[in-house]
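Every number in this text was worked out from the coordinates using simple rules, so none of it is lab data. Nothing here was measured: the structure is a model prediction, and the numbers come from that model. Every residue, glycine among them, receives a Cβ derived from its backbone with ideal geometry; neighbour counts consider all protein chains shown.
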Amino acid sequence: MDRKFKILCGAISLAIITVIAINLNIGFSDLNFRDFFTDTANSQIAGLRINRVVAVVLAGLAIPTSGFLLQEYFQNPLAGPSVLGITSVASLSVAFYLFFSQYIILPEILQDSFISVSAIGGSLVLMLLLLAFSRRFSDRSSIIIFGFLVSALAGAVISVLQFYAESQSLKNYVLWSFGANNQASGRQLWILGIIVLGGLFAAFKSIKPLLGSALGRAYAQSLGVDLNRLKLLIIISSSVLAASVTAFLGPILFVGIVVPHFCRLIYNPAKLWHQWILNLLLGTFIMLFFSVISELTLFPLNVITSVFGVPVILAMMLKSRKANF
């Protein structure tokens, strides 16, 4: 690990600590140090702010990792959980659950986790279909088009569900779709944390064979890379990470595309381990920074990520088009 990379990681880590402190001290009520560690009148508010920070950190770890894996696997800088339709299908699964939950009787212990299970299940089905159809596509850009079509179809079905939904179910879905990072309970964060850790472990296991896969199918097989196992790891990790965050925090759009691209602009080492670590750190910082903006402006988190992400993706597309010419 060279000196430049260590300095860069150290600087981003200090920035993360600073933004965490800002997040904990921003809000309608002024808190002091004791409120976070002792039982005071403002302890409940302090607990909510801690939950908010934990939720944002988990999203900052999960979404960029999902985008990083997909971009490296498909060798396309525009691949990501939102563009490939993972986020849309997860949103559709959550919509089915929220709109029809009044007809489903579940034990209390499953009520917080079933929304995540439905989102992850829908995303896994999509990724399996995507990889199955990818064998028929001669051009990898066709996969991106396939993802856009899936997103459009999922959006149409969600619109139909909203049209016929009851007022309370519709309200619940709209509030969820805003990407509110301050509504996840402590129990939901435990579930989200366990799922994200599982997804990160699957991502960790896929980094080394992913480097061999990037050098070509024949070369990867000569190195002993099990391409079928790698495909399975990519499906599981990217879908679980993106869908779990979408289930509990709403659709956090474009972060999975933009953060890996920024990491390559800042520092682009040959080792994917370094690139992944940089994605984890920078993704956490950006999500915490967006959380500060959300609290100051009272804008929903997914609106802020979209306002930030759309111009960056357009710039990436124009730069790629200019390079081709």
Can you tell me the length gained on complete extension of the stretch LEU129 to TYR164, counting 0.36 nm per residue apart and subtracting the Cα distance? 9.7 nm
In cubic angstrom, how much convex hull volume per residue do the alpha carbon atoms of segment 224-304 span? 98
Which residues does the label zone of ALA11 cover in segment 279-303, counting backbone N under 20 Å from a point 7 Å along Cα→Cβ? 279-290
By average C-beta atoms within 10 angstrom, highest first, the peptides 62-71, 40-49, 25-34: 62-71, 40-49, 25-34
Here is the link list: LYS4/LYS208; LYS4/LYS271; LYS6/LYS205; LYS6/LYS208. Which ones come out longer than 19 Å on Cα distance? LYS4/LYS208; LYS6/LYS205; LYS6/LYS208
Sorting check: for 195-201, 185-191, which peptide has the highest mean count of neighbouring beta carbons within 10 Å, and how do the rest follow? 195-201, 185-191
Sorted by average packing, counted as other Cβ atoms within 10 angstrom per residue and highest first, what order do 242-248, 117-123 take? 242-248, 117-123
